[in-house]
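Scroll down for the structure; my scribbles are underneath it.
Nothing in this text is a laboratory measurement; each read-out follows from the coordinates by a stated rule. Remember, predicted model here, so these are calculated numbers, not experimental data. Here the Cβ positions follow ideal geometry from the backbone for every residue, glycine too, while neighbour counts run over all protein chains shown.
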Amino acid sequence: MGSWETAALFRRTSVIREARIMRALLSVSLVSASVVALGAGIAGGCAKVVLGGDDGGSMVGTGGSRPGVDGSPRQDRTGIIVPGVCGDGIRTDDEACDDHNTTADDGCAADCRTVDPGYSCIPIGKPCHRIARCGDGTVVLPELCDDGNTTAGDGCSATCKIEIGFKCTGSPSTCTPTRCGDGNKEGAESCDDNNSAPYDGCSAECQSEPNCTSATGACASRCGDGIVLGEACDDGNNVDGDGCSAECKIEPGFECHQPPLGDRMLVPIVYRDFRAHMPSDFQPGAVGRIVALPGIVAPDLDAQGKPTVVMTGANSFIQSQATFATWYRDTPGVNHTTYGKLTLWKNAQGGYVNRWGPNGEAWPITHTAYFCGSVGQGRIDPVTLMEIPCTFSFNADGGDCVRDVQAGGTLIRCITSANGGWSGIIQTGVLDGTPLFFPVDGDTFTPPAERSAAQAGPPYLMNFTPEAGVPLHNFHFTSEVRYWFQYDAAKTYTLDFTGDDDVWVFINKKLAVDLGGIHTPQQGSVTNDPTAATPVNFSTRFGLTNGNVYEVVVFQAERQTDGSSYRLTLSGFSAAPSDCLPICGDAILGIGEECDDGMNLGGYGQCGAGCKLGAFCGDAIVQMPDEECDDGVNNGRGPTGCPSGCRNLIIP
């Protein structure tokens with residue numbers, strides 16, 4: 001190699017490069033507008049083009065050539081720009097890329113003038129590799145959407161998957177809620193049966209539900225219902241490209257598992273609002289019991305999966321089979337149906353239970369210690385000069401407070417008592433569930449005149465006590481919860497319930513908990529425990545077969561007034577839909593990865609550790625000497641007009 005060629009090969013400094021660009025831009029000003037337009041057309045509209053010619057105005061001068069990244073000379077010895085040969089694996093000044101072929105749609109255009117969106121064509125001369133930067137606003141495979149951010153809950157997830165309840169179009173993606181119940185299956189919907197009712201095979205979010213109509217008892221799991229049964233995976237939808245296919249098969253480049261549910265789970269629930277005395281089963285003045293009345297319903301659900309009454313009359317306060325049939329069926333003019341979600345929070349035992357507070361706060365068990373010292377004996381705050389009561393180390397004057405705190409209670413606050421002393425509110429524990437269960441307060445089916453005040457009582461309070469503020473509530477309603485689980489005979493399951501009035505729990509259509517009648521809050525539970533000294537299992541009691549999917553159904557009714565409590569605990573029943581993640585290092589670009597070339601060794605324009613890109617064309621940072629521009633868009637339409645490949649092409 002001669003000295004001139006050697007100089008052309010290694011002269012890469014930024015000063016020389018900028019001088020070459022300025023001279024090339026000057027030559028463009030001498031060319032007619034029509035020729036410039038022609039040159040832009042040659043570049044496919046995606047490259048900033050600098051035209052050279054025979055007038056010697058193109059990159060001629062001392063040093064004479066503009067070496068590229070690959071070090072190839074750009075001019076012959078006369079100073080004339082020599083066009084590159086697309087497909088020879090050498091990227092010249094008139095090429096944005098060169099992947100050693102002239103095949104289109106493989107990342108580098110057939111004429112080597114543009115880099116296809118979603119590709120990096122580094123190293124030069126090697127096949128281009130796909131890149132997908134979730135959050136950059138450009139949808140490229142394998143992304144299913146890209147709305148320009150990585151915020152979950154807005155329709156396009158943090159890994160650019162379409163979220164349940166949304167549909168996404170365009171690039172950048174615009175995501176809008178789907179209309180479950182309109183009969184159009186779209187977005188992440190796996191079904192749409194023209195309604196938003198759950199428990200009919202298609203949920204309120206238009207996700208498939210198991211079919212439990214079989215006379216044999218076991219439910220048939222459907223792809224898209226989030227239950228893995230006879231399937232490689234089930235992520236709760238029928239969308240291809242997210243790791244679990246529309247046929248519930250694991251897609252190439254992914255591995256799927258069922259993760260824990262986290263700190264909460266949502267259970268669909270159906271409410272039906274009734275008016276007082278319509279039917280007469282709902283009686284504000286009925287005298288309640290202090291124990292449940294078993295035997296009101298048959299031990300098996302009917303063909304529609306509903307309970308059947310077998311005890312009517314004075315004890316049950318149920319008028320007839322016909323009136324009872326309306327309790328858990330939509331009956332126009334008699335009841336009004338609404339659908340909701342019951343939030344169950346993770347408890348210390350690993351189960352899930354509903355709670356009183358909106359953020360999972362458990363109900364505090366408290367009582368009043370009637371003497372915590374005399375007013376004036378409390379500590380004086382040095383700033384406000386106000387008395388801080390009940391904080392004087394619980395000395396002998398502390399009375400009830402001393403004993404209660406020493407017994408394990410916690411002083412919550414102090415109040416003044418009628419005798420001029422301090423009384424203390426002592427918390428001794430917490431309870432799950434709620435003594436104030438009023439889910440249909442927003443339903444207008446019941447007239448305002450029927451609203452009543454509520455009392456909270458045992459086990460939440462020692463005595464029945466009016467609710468603070470005495471708000472009025474909508475009583476007289478029923479609720480229905482259905483939950484599916486895959487039975488594992490070696491696993492421990494517990495279903496625990498407290499409620500009033502009627503509560504019936506069925507497993508595989510067979511009665512498991514019987515707390516019927518108008519009564520104060522009562523507790524019932526059922527457990528599958530193969531490890532117990534005397535093993536208890538659902539196989540013999542409810543006819544369950546190991547590995548099959550079964551349904552748990554909870555029916556509840558609030559028929560009187562004054563109080564309404566509800567606690568549902570599911571332990572061991574929880575199983576989340578499949579979570580499918582890409583396998584980094586398998587040379588398959590999966591959703592959630594930015595890149596994957598199989599080695600992931602890093603370097604400019606190449607894939608690094610964790611299948612993440614480092615410096616590359618498109619990161620909005622000009623990487624010298626590999627790039628001449630980078631506006632983060634790189635399609636010729638960005639803020640600086642930077643073309644794909646991050647190079648300003650010089651077309652001879």
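Key figures
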| item | result |
| --- | --- |
| For region 314-379, convex hull volume per residue from C-alpha positions, Å³ | 302 |
| Gain in span if fully extended, Ile415 to Gln523, counting 0.36 nm per residue against the direct Cα distance | 35.5 nm |
| Long-range amide H partners of Thr178 with built H, under 5 Å | Phe166, Lys167 |
| Percent breakdown of C-alpha pair distances by 5 Å bin, ordered from the shortest bin, for region 154-275 | 2, 11, 16, 21, 21, 16, 7, 3, 1, 1, 0, 0 |
| Whole-Å semi-axes of the ellipsoid equivalent to the chain (Cα gyration tensor, √5λ, descending) | 70, 33, 22 |
| Contour minus Cα-Cα distance for Met386 and His277 (0.36 nm per residue) | 33.8 nm |
| Projected area averaged over orientations for region 346-465, convex hull of C-alpha atoms, nm² | 11.5 |
| Inter-label distance for Ala104 and Leu581, nm, one decimal - labels placed 7 Å from Cα along Cα-to-Cβ | 4.0 |
| Packing-based order for 134-140, 410-416, using average beta carbon neighbours within 10 Å, highest first | 134-140, 410-416 |
| Relative contact order [Cα under 8 Å, 6+ residues apart], the chain, whole percent | 14 |
| Average silhouette area of region 569-652, convex hull of alpha-carbon atoms, in square nanometres | 9.7 |
| Placed amide H near Gly563: partners under 5 Å, 5+ positions off or other chain | Gln455 |
| Taking all pairs of distinct alpha-carbon atoms in region 83-196, Kirkwood radius in angstrom | 15.9 |
| In Hz, Karplus ³J(HN,Hα) per residue of region 426-442 (6.51, -1.76, 1.60; θ = phi - 60°; x = Gly, Pro) | 10, 9, 10, x, 9, 10, 6, x, 8, x, 10, 9, 9, x, 10, 4, x |
| Net lengthening on full extension, Arg403/Met462 (0.36 nm per residue, minus Cα-Cα) | 19.4 nm |
| Mean ellipticity per residue at 222 nm, deg cm²/dmol - from DSSP H runs of n ≥ 4 across the chain, formula -39500 (n - 2.57) | -2000 deg cm²/dmol |
| For region 262-390, the spread of Cα positions along each principal axis, largest first, Å | 71, 40, 30 |
| Protection proxy ranking of 439-450, 111-122, 197-208 - average other beta-carbon atoms within 10 Å, highest first | 111-122, 197-208, 439-450 |
| Antiparallel DSSP beta bridges within the chain, percent to nearest 5 | 95 |
| For region 396-506, alpha-carbon Rg relative to the globular expectation (2.2 N^0.38 Å, N residues) | 1.55 |
| Spatial separation of Cα centroids for region 196-216 and region 246-272, in angstrom | 16 |
| Ranked packing of 587-594, 313-320, most packed first, by mean Cβ within 10 Å | 587-594, 313-320 |
